[in-house]
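Data first, discussion second: the structure below is written as structure tokens.
The values are calculated or read from the model by the stated rules, or taken from the named source; none is laboratory data. Predicted model only: the values in this text are computed from it and were never measured. Cβ coordinates were reconstructed from backbone atoms using ideal geometry, including for glycine residues, and neighbour counts include every protein chain displayed.
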Amino acid sequence: MKTSKELPGLEKATVIERDQHRVSRKDISPNALKVLYRLGEAGYHAFLVGGGVRDLLLGNKPKDFDVATDATPEDLKELFRNARIIGRRFKIVHIRFGREILEVTTFRAHHKPLNEIDDDVPRRQIRGLDSAHSSTGMILRDNVYGDIDEDALRRDFTVNALYYTVDGFQVLDFSSGVEDLEQRQMRVIGDPVERYKEDPVRMLRAVRFAAKLDFAIAEKSAAPINRLAHLLGSISPARLFDETLKLFTAGFAVPTFKLLQEYEVGEYLIGPTLDALDTAPHAAVRLVELALENTDSRIAEGKSVTPAFLFAALLWPVLQLRLADMQSDQQQRHQEFHDAANATIMEQLEFTAVPKRFTMASREIWELQLRLQRRNKRSIDSAFSHPRFRAAYDFLLLREEAGEDLDGLGQWWTDYQIGDTKQRGDMLAVTAKPRNRRRKRSRRKSAGN
């Protein structure tokens with residue numbers, strides 16, 4: 001079996017001994033420990049790394065545990081029957097234990113595109129050839145393996161480049177991770193400009209972690225963000241949608257939204273919303289704030305959050321501005337509302353590829369707002385039986401809480417839901433408008449009949 005002394009690059013780490021940190025095995029997933037010990041027994045080096053170590057050092061409870069090792073993806077696949085190699089651009093291994101999935105990566109090395117490697121360097125000295133860059137410097141493929149110190153410097157932020165080993169129970173710091181944790185700041189490892197060009201999504205990660213941890217972004221790491229925000233235009237809308245969900249469903253949507261307003265990266269995710277905030281009605285803007293607060297509260301309580309409701313709220317100011325530009329009579333109102341909703345969604349799709357199942361649900365939540373205002377039995381029964389009724393009802397309450405005057409509509413629907421059959425019938429009788437019956441004209445018989 002290998003020993004820790006045999007691992008190249010280990011000597012470059014600052015070692016925090018067991019009695020100098022708060023990481024304890026009792027706070028680590030038993031499955032993660034199982035992976036660490038099995039890799040060690042098989043002769044490999046394995047470390048807990050990233051957010052799990054960071055959160056344990058901060059006294060928080062990690063949601064996920066990641067492992068870094070000198071075993072290759074193929075080695076892992078052979079060692080763990082429950083392992084699966086994921087990705088081509090950046091190969092990782094998922095090891096499944098029931099519902100828990102552990103992400104295991106092989107140590108990466110900093111590298112250059114092959115066309116930048118000197119011709120006199122023997123190819124046998126290049127430890128990985130599976131790499132590629134775009135003309136702007138963005139990493140297109142990264143499967144170049146290296147030593148642990150190289151792996152640490154390939155990670156994005158210093159606080160995410162901390163390693164924990166069960167061999168001595170030490171924390172290893174190859175940059176200034178522990179110091180930055182103490183100073184509560186996010187610092188990019190290496191040159192921020194180069195690292196953002198390699199992967200522009202790192203700018204979004206800086207925002208996400210700063211919001212989540214209530215950290216500041218270090219001055220040199222923050223300085224290039226606005227200047228390089230345009231690089232997000234090269235990221236696929238599908239990936240930007242995934243990143244948007246990560247930003248708003250991590251339980252810190254409110255501080256995240258503030259940072260997206262502060263940094264121009266927000267324009268590449270929710271540009272229509274941010275542009276609408278200055279001119280949209282106050283109640284529409286307030287609704288967005290309340291929706292984000294409710295999102296954070298639900299996540300804190302362990303409840304689910306639906307992307308459809310989230311986007312319905314985020315795009316509500318945009319929709320309201322479109323409707324304000326339309327001058328129509330009552331008969332055209334429904335069609336123009338439908339057209340405005342479609343245009344609002346189509347505009348957002350130019351930024352993030354929101355799946356159709358979510359955009360359809362968002363549109364239904366909006367359109368039910370009109371139907372909830374109708375006070376005839378047919379409309380009420382139809383709205384109440386609609387699959388999106390509950391979401392639309394919650395959205396209606398949010399509109400009232402934001403300051404929109406809906407003439408007590410939210411309370412009416414609350415009473416209707418809790419009422420029995422007789423109470424509902426009485427409510428319908430009160431709200432139903434009498435029909436104007438046309439008097440039948442009597443047919444007069446002609447004098448000749």
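A few comments on the model shown:
- Summed over the stretch 278-304, the residues that are surrounded by 19 or more Cβ atoms within 10 Å (Cβ to Cβ) and part of a loop (DSSP other than H, G, I, E, B) give a count of 1.
- Of the criteria (1) touching a strand residue (DSSP E or B) at 6+ places or on another chain (Cβ under 8 Å); (2) at pLDDT below 95, which one PHE80 fails: (2)
- Condition met for TYR268 (within 20 Å of ARG195 (Cβ to Cβ), surrounded by 22 or more Cβ atoms within 10 Å (Cβ to Cβ) and hydroxyl-bearing (Ser, Thr, Tyr)): yes
- Here ALA253 does not fit the description of being more than 13 Å from the chain's Cα centre (by Cα), among the hydrophobic types (A, V, I, L, M, F, W, C) and not assigned by TED's automatic domain parsing to the domain that holds ALA211.
- Looking at the stretch 308-384, the helices (runs of 4 or more DSSP H) lying wholly inside it that each contain 1 or more residues that are under 17 Å from GLU404 (Cβ atoms) sit at 316-324, 330-349, 356-371.
- Test: GLN332 is farther than 29 Å from THR279 by Cβ, modelled with pLDDT under 95, loosely packed, with under 14 Cβ neighbours inside 10 Å and in the same structural domain as GLU264 (by TED's automatic domain parsing): no
- Among residues of the stretch 160-188 that are without any contact (Cβ under 8 Å) to a residue 40 or more places away in the chain and at positive phi, none has a Cβ under 8 angstrom from a residue that is small (Gly, Ala, Ser) and assigned to a helix (DSSP H, G or I) at a sequence gap of 6+ or on a separate chain.
- Within the set ASP242, ASP275, the sole residue that is within 14 Å of the chain's Cα centre (by Cα) and either under 30 Å from LYS61 (Cβ atoms) or assigned to a helix (DSSP H, G or I) (or both) turns out to be ASP242.
- Residue in the stretch 220-231 that is outside the structural domain of TYR268 (by TED's automatic domain parsing) and at positive phi present: no
- Tabulated pairs, the stretch 329-342, first farther than 10 Å from GLU367 by Cβ, second modelled with pLDDT under 75, C-beta under 8 angstrom, 6+ apart or interchain: GLU336/SER328
- Among residues that are under 19 Å from TYR164 (Cβ atoms), aromatic (Phe, Trp, Tyr) and either in a loop (DSSP other than H, G, I, E, B) or assigned by TED's automatic domain parsing to the domain that holds ARG195 (or both), TYR44 is included.
- Note on the stretch 54-64: residues that are crowded, with 19+ Cβ neighbours inside 10 Å, at pLDDT 95 or above and of a type outside the set (D, E, K, R) total 2.
- Per this entry, LEU398 is counted among residues that are modelled with pLDDT of 95 or more, aliphatic (A, V, I, L, M) and within 26 Å of MET326 (Cα to Cα).
- Meets criteria (of a type in the set (D, E, K, R), within 25 Å of ARG298 (Cβ to Cβ) and outside any helix (DSSP H, G or I)) for GLU404: yes
- Looking only at residues in the stretch 157-185 that are modelled with pLDDT of 95 or more and of a type in the set (D, E, K, R), the one that is farthest from GLN20 (Cα to Cα) is ARG184.
- Within the stretch 22-39, considering residues that are crowded, with 19+ Cβ neighbours inside 10 Å and assigned to a helix (DSSP H, G or I), the one farthest from the chain's Cα centre (by Cα): LEU39
- Unique match (being in a strand (DSSP E or B) and under 30 Å from ARG184 (Cα atoms)) among VAL67, VAL93: VAL67
- As for the stretch 253-263, it holds no residue that is of a type in the set (Gly, Ala, Ser) and farther than 22 Å from LEU397 by Cβ.
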